[in-house]
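What follows draws every value from the coordinates through simple rules; no lab data is involved. If you're wondering where the values come from, they're calculated on a predicted model, not measured in any experiment. Positions of Cβ are generated from backbone atoms using ideal geometry, with glycine treated the same way; all protein chains shown enter the neighbour counts.
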2 protein chains.
Amino acid sequence: MPRMFVPGPVDVADEVLQAQAAPMLPHRSKEFEAIYRRTSEKSQELFYTNYRVFLTASSGTGLQEAAIRNFVDKRVLSIVNGAFADRWYEVAVSNGKDAVKLSFEWDTPASPDRIADAVKGDGFEALMLVHNETSTGLQNPVKEIAEAVRAVSPDTLIFVDAVSSLAGAKIEMDAWGLDMVFTSSQKCLALPPGLALGAVSDRAMKKAESVQNRGWYFDLVRMEKHRNKDSSPATPAMSLIYALNFQLDRIFAEGLENRFVRHSAMAKRVQEWAEAHDQSTYAPEGYRSQTVTTIKNDRRISVSDLNNFLKQREMRIANGYGRLKDNTFRIAHMGETQMEDIEELLEAMEEFLKK
Amino acid sequence: MPRMFVPGPVDVADEVLQAQAAPMLPHRSKEFEAIYRRTSEKSQELFYTNYRVFLTASSGTGLQEAAIRNFVDKRVLSIVNGAFADRWYEVAVSNGKDAVKLSFEWDTPASPDRIADAVKGDGFEALMLVHNETSTGLQNPVKEIAEAVRAVSPDTLIFVDAVSSLAGAKIEMDAWGLDMVFTSSQKCLALPPGLALGAVSDRAMKKAESVQNRGWYFDLVRMEKHRNKDSSPATPAMSLIYALNFQLDRIFAEGLENRFVRHSAMAKRVQEWAEAHDQSTYAPEGYRSQTVTTIKNDRRISVSDLNNFLKQREMRIANGYGRLKDNTFRIAHMGETQMEDIEELLEAMEEFLKK
């Protein structure tokens, strides 16, 4: 079986791929509405939330846009220390919002104190923050940031992009006081792409009612009405909902916490392997992703040669992303990937290095 | 095998459902990019166009929003004679555009002359029009409308929602001079929902470059750059792209024109059956949809009882939509539905009526 150690789309279990192939139903039928509702409700557990979870026919970027259009009237603080945070900033600007960028070096976690300072001086309506940067393999201290922001500006809404970490690392939306957290299907949930999941707090929903120009497709106020009544305003991505419904049962059967442990053990193994082979982890100790490790290519190996070598064993890893393309590479350990897969990969890489 | 005579999501052929279940690929891999490009290029034939076709991870409504955000600076004329045209008007308003509604009775085709008059007086940037109203089963004379509009205002862009007709009825985008035509996967293409296809003219793309506040997710200028380079800016709905790629070959093997003939023969059969049973077709002669027939429930049968009866034979039809919910019902004859399916349905309905 081919194995991809890329940070999404990840490999999907055969039985989950098959779950997509169930016959269609009218989306306004009681049968489908029941499946939709059950799937949405089960998804709350992934977010450690009692709030509603929206399921949208879109990629995760769609929910980056939804956060901006629904909950931000004018000004928003954008925390940027990676490529996907930068994309979110662009999303805000391209939707006509006054987004203020607070940047950190890409190999440095966002600082709770500096963010609190920025918010205190200004009283931003909202701040947006990426939990797990798929580009750098850096995990931002979301809990600490939320705490610091709450202390100085309790009304500022906090949005978290957890696209490459939710269901792979623990994010306690309610306990941490987050207002929107979202992910997409093709990362830790190990589903095909095309579906996004977003959990939203009551106070954010309240705020949305007064925000103008929310549009239609990602208008969460409209979605909320349909969520309470039937399913979603537009036709939902039915086969992906089937697959999510099925996959959630598999995830809960393994146990969410067990999944986190599995991922973080693989992360540790990859980091140690890198160090033992004169390569270093891009993100600093204490802020390393549990789901994807970005390795500084200190030895200047050719990633393309490496991937050609790995291909013979039906494996592949990922290039660096964006401006890190040439001087890093990435090994993902999310979704269905097991420690024995990682061992096999590292063994093959070892062989490659010895050549 | 259960059969649904509902206007989407429609039944999907088993082998097409299975095509979704192929293994994932990195979306930035050469393998996937080749599949994506081939699928997009093959799709041009559905639109009778040489222009580009975008494939978005969204429902058709997503492309209603894309048309508005990309190509309309301020003012747009919205032709409304059905529920989905009305939704599109709402989409325009909710995106902050000055949309002017030109309404016709729901059982009356939009009039080329009246539309030309409205455009002439004003010089609208664009007009939006639904080809095939899924609610009323009425087909608007898009070709004649486009001709009339071109004659009085050649610069006005013409957008056509062909969600429930494209690939089921002939729409010649280039020959008719249309600027954007779109559809979604779960109607005549007989795929699961979650994917939309939109063809866009060069002059519309040119205009988009100067339109502000296009957003990110449905920004077609951004999509065009990626279309030329790799695939799409956000992760595409991979399993649905697989299925579309496969289904296009099936559609072309049958022949697009043969498909149109099959659909229109079924439409005629359903209309005649209705008349023979003291029910009438909602849309007037000459403007009746080839893909879905809306029948006036003149005999006041209980659609819910009828569907319960049909359910025993694993068939179902659709209620009326929106304000026509109680006084019409709908029989779809699109996608994979064959004349023998329609015959079996009508036989069962006959039995029900005799009870």
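For the range B:11-24, the condition holds for no residue, the condition being that it is away from chain A (no Cβ under 14 Å) and among the charged types (D, E, K, R).
Of a type outside the set (Asp, Glu), touching a Phe, Trp or Tyr at 6+ places or on another chain (Cβ under 7 Å) and under 21 Å from A:LEU197 (Cβ atoms): which single residue out of A:LYS170, A:LYS101 fits that description? Steps first, answer last, please.
On the way: A:LYS101 fails: under 21 Å from A:LEU197 (Cβ atoms).
Result: A:LYS170 is the single residue among A:LYS170, A:LYS101 that is of a type outside the set (Asp, Glu), touching a Phe, Trp or Tyr at 6+ places or on another chain (Cβ under 7 Å) and under 21 Å from A:LEU197 (Cβ atoms).
Against the condition under 30 Å from B:ILE342 (Cβ atoms) and within 13 Å of chain A (Cβ to nearest Cβ), how does B:LEU256 come out, does it pass? No; evaluated as a whole, the condition is false for this residue. Out of A:SER58, A:SER40, report the one residue that is in contact (Cβ under 8 Å) with a residue 24 or more places away in the chain and assigned to a loop (DSSP other than H, G, I, E, B). Exactly one of A:SER58, A:SER40 is in contact (Cβ under 8 Å) with a residue 24 or more places away in the chain and assigned to a loop (DSSP other than H, G, I, E, B), namely A:SER58.
The set of residues from the range A:193-218 being facing chain B (nearest Cβ under 7 Å) and surrounded by fewer than 24 Cβ atoms within 10 Å (Cβ to Cβ) comprises A:ASN213, A:ARG214, A:GLY215, A:TRP216. Can you report the number of residues in the range A:160-192 which are touching a residue at least 40 places away in the same chain (Cβ under 8 Å), buried (at least 24 other Cβ atoms within 10 Å of the Cβ) and outside any strand (DSSP E or B)? Of the residues in the range A:160-192, 16 are touching a residue at least 40 places away in the same chain (Cβ under 8 Å), buried (at least 24 other Cβ atoms within 10 Å of the Cβ) and outside any strand (DSSP E or B). When the range B:43-55 is limited to residues that are surrounded by 22 or more Cβ atoms within 10 Å (Cβ to Cβ) and part of a helix (DSSP H, G or I), the one that is farthest from the other protein chains (Cβ to nearest Cβ) turns out to be B:PHE47.
Only one residue in B:SER40, B:SER103, B:SER111 is within 21 Å of the chain's Cα centre (by Cα), more than 14 Å from every other protein chain (Cβ to nearest Cβ) and buried (at least 20 other Cβ atoms within 10 Å of the Cβ), so which one is that? Don't jump to the end; show me each part of the working.
Working: B:SER103 fails: buried (at least 20 other Cβ atoms within 10 Å of the Cβ); B:SER111 fails: buried (at least 20 other Cβ atoms within 10 Å of the Cβ).
Just one listed residue meets the conditions, B:SER40.
Scanning the range A:61-75 for residues that are outside any loop (DSSP other than H, G, I, E, B) and within 14 Å of chain B (Cβ to nearest Cβ) yields A:THR61, A:GLY62, A:LEU63, A:GLN64, A:GLU65, A:ALA66, A:ALA67, A:ILE68, A:ARG69, A:ASN70.
Among the residues of the range B:147-192, those identified as touching a helix residue (DSSP H, G or I) at 6+ places or on another chain (Cβ under 6 Å), among the polar types (S, T, N, Q) and more than 14 Å from every other protein chain (Cβ to nearest Cβ) are B:SER153, B:THR156. On the basis of being touching a Phe, Trp or Tyr at 6+ places or on another chain (Cβ under 6 Å) and either among the hydroxyl-bearing types (Ser, Thr, Tyr) or touching a residue at least 24 places away in the same chain (Cβ under 8 Å) (or both), does B:ASN81 make the cut? Yes; evaluated as a whole, the condition is true for this residue.
To keep it simple, each residue is scored yes or no on (1) closer than 29 Å to B:HIS131 by Cα; (2) among the β-branched types (Val, Ile, Thr); (3) touching a residue at least 40 places away in the same chain (Cβ under 8 Å); (4) buried (at least 18 other Cβ atoms within 10 Å of the Cβ).
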| site | (1), (2), (3), (4) |
| --- | --- |
| B:ASN308 | no, no, no, no |
| B:MET315 | yes, no, yes, yes |
| B:GLY322 | yes, no, yes, no |
| B:ASP326 | yes, no, no, no |
| B:THR337 | yes, yes, yes, yes |
